[in-house]
Amino acid sequence: MLNNQGTVLVFKPNTKREEGRKTQLSNIQASRAVSEIVKTTLGPMAMLKMMLDPMGGIVITNDGNSILREVDVAHPAAKSLIELSRSQDEEVGDGTTSVVILSGELLSIAETFLKQKIHPTVIVNGYMNALNCCIKTLEEIAINVDIDNEEALINIIDSCLNTKFVNRYNKIITKLALEATRCVQVTNLMGKKEIDIKRFAKVEKIPAGDILDSYVLKGVMLNKDITHPQMRRYIKNPKILLLDCTLEYKKAESQTNVEVADEQSWNQLLLQEEIEVKKMCEYIINSKCNLVITEKGVSDLAQHFLVKNNISVIRRVRKTDLNRLERVTGATIVNRCDEIVEADIGTKCNLFEIKKIGDDYYSFFIECENPRACTILLRGSTKDVLNEIERNLHDGMNVAKNIMLEGKLLYGGGCTEMRVGQKLMKEAAKYDDARKSITEAVATALEIIPKILAQNSGANVVKTINELRSYHEKPGFEKYGIDGVTGEIIDVTKNDIWDLLAVKKQIFKSAIEAASMILRIDDVVSGIGKDNKPQKPVQSTF
């Protein structure tokens, strides 16, 4: 007798599943499509991309991370490449385009090996061996730079900003980036340098005006005005109190019902509120401060008491701005008015004033004793131009930060990739199995950077790359790379074309590791979420 067994249903009927070779090839195709988007944005002759969102907003940029952040993709492998660009930006702040292009190229060359029935694990092992060799070579060929030599630092930051939209105003943006980074540099208790650009160097963009009017403010600027017209707008040597609490009557955290029976009870209730606010203001008045900045609200009654005592108030300041003010003024953020002590008052800021720029009022905290936070005031013709300048300035500050922390450089213009590629070719000669062809393939993949530099400058790609390869095979031509503007092969040191060791190491690590991870995916299961059907409420009996 035949036993007719029914089909066993493991996954839900709406689940889609792709397995094996098909998955790997589709992942490679998706990654290649993402890298194609940003290929034309590499180098000094980079093209700009314009992105339109559904709400009608426009982003015009050639920054790889900003472009990919705006692109909406459905394929999971494409999403992982976009995350790769984001992590590169967070880690070193530059090289977001290069890392996506290199990762896409590494996946493209892996397609040939997969079609030859070479197992993905073998390819991945070959890639990881190549990565170790790349990192070792980068550290060997790195050049030390004197971080106290301002002119050298400006040339290096200039070189990295040459590929950006602001290359016409390089010197201005470079000086702003270096000045801001130097301002926020501190030495911690362990004796290590700390440069926190994200938290302590804020960019204020004010449309109208010229880029030449931009400057670094050694202090803090807030887009805020005082709360009462009779408060002082100019205070020399202010005594500043920073509050994280509200200066109004306390509202109950949970819903409260008060039953008022007669007029006298109502008056008592109002009087109680007034007494509480007055008590808070007395604590502030007794601290002998003359400027209060709070993160929360300030009631009209509190303003009345403080104005009578000649104290100015700024309210609803962001937490991030309050942290920067704490660093600049030497004050301590206080959470309760009854806990204010004299040591909490900040006296390191020598001038507080309010100025009107355009249609808005701005509060300036300047002439500080030891400003370890700063505000970069950017001026530009339109919001789009200002946004792009801000992105480029962010890259410039990260370049300055990386040099000041590590102080090592590499030759730019695709020169480093060619030298590392040569080293990989020598490494490949040691093997006589699949690792040989995989290591050689990684060396070829690295040539994608000089190739695209030549392509974007309008040069003959095949001829230029062959010439560059032959140059690097001769002794004494290790400094030769591609001039991204003309497409000619030049000594990169003469034109100050540099790359940072920290950025290049991160590009190689991220690109090879991301490519390896995508190659090891052999199964994509989608539609595994819960049903959206509303569940019946569970009845319980007690």
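What FRET efficiency comes out for the pair Ile143/Lys117, r = Cβ-Cβ distance, R0 = 41 Å, nearest 0.05?
0.40
Can you give the calculated 222 nm mean residue ellipticity of the chain, where each DSSP H run of n ≥ 4 adds -39,500 (n - 2.57) and the sum is split over every residue, rounded to the nearest 500 deg cm²/dmol?
-15000 deg cm²/dmol
Sorted by accessible area (1.4 Å probe), largest first, how do Met397, Met50 line up?
Final ranking, largest accessible area leading: Met50, Met397.
Given the protein chains as shown and a 1.4 Å probe, how many square angstrom of Ser381 are accessible, to the nearest 10?
80
Pull up the DSSP beta bridges for the chain and report the antiparallel fraction as a percent, rounded to 5.
Expressed as a percentage, antiparallel bridges in the chain total about 70.
Given points 7 Å out from each Cα along the Cα-Cβ axis, report the Arg318 to Ala429 separation in nanometres with one decimal.
It works out to 5.6 nm between the two label points.
Projecting each Cα onto the charge dipole of segment 10-116 (Lys/Arg +1, Asp/Glu -1 at the beta carbon, about the Cα centre), which of Gln116, Ala78, Ser31 comes out farthest on the positive side?
The residue sitting farthest along the positive end of the dipole is Gln116.
Tell me the per residue accessible area of the chain using a 1.4 Å probe; a whole number in Å² is fine.
Averaged over the residues of the chain, the accessible area is 53 Å².
Output ³J(HN,Hα) for segment 202-212: one whole-Hz value per residue in order, computed from phi by the Karplus curve 6.51 cos²θ - 1.76 cosθ + 1.60 with θ = phi - 60°, and x for Gly and Pro.
Whole-Hz 3J(HN,Hα) from phi for segment 202-212: 9, 9, 10, 9, 10, x, 6, x, 10, 4, 5.
Can you tell me the 0 to 90 degree angle between the C-alpha axis of helix 319-329 and the longest principal axis of the chain, rounded to 10?
The answer is roughly 80 degrees.
Considering amide H positions built from the backbone, and no H for Pro or chain starts, which residues 5 or more places from Val203, or on another chain, come under 5 Å of its amide H?
Residues meeting the amide H criterion: Ile376.
How large is the charge dipole for the chain, taken about the Cα centre, if only the Cβ atoms of Lys, Arg (+1) and Asp, Glu (-1) carry charge, to the nearest 20 debye?
The calculated dipole for the chain is roughly 740 debye.
Calculate how steeply helix 20-38 sits against the longest principal axis of the alpha-carbon atoms of the chain, using the helix alpha-carbon long axis, and give the answer as 0 to 90 degrees to the nearest 10.
Approximately 60 degrees, to the nearest 10.
Tell me the angle of helix 120-141 to the major Cα principal axis of the chain, expressed in degrees between 0 and 90 and rounded to the nearest ten.
Helix 120-141 sits roughly 70 degrees off the main axis of the chain.
Among rounded, prolate and oblate, which fits the chain when a ≥ b ≥ c are the square roots of the eigenvalues of its C-alpha gyration tensor, a/c under 1.5 means rounded, and a/b larger than b/c means prolate?
Oblate is the answer for the chain, as a/c is 1.5 or above yet b/c matches or exceeds a/b.
The values are calculated or read from the model by the stated rules, or taken from the named source; none is laboratory data. Note that the structure is a prediction, hence the values are computed from the model and not measured. Using ideal geometry, Cβ is built from the backbone for each residue, glycine included, and neighbour counts are taken over all protein chains shown. Please note that ligands, DNA and RNA were not included when accessible areas were found on the heavy atoms of the full protein model with its side chains. Shrake-Rupley method; radii C 1.70, N 1.55, O 1.52, S 1.80 Å.
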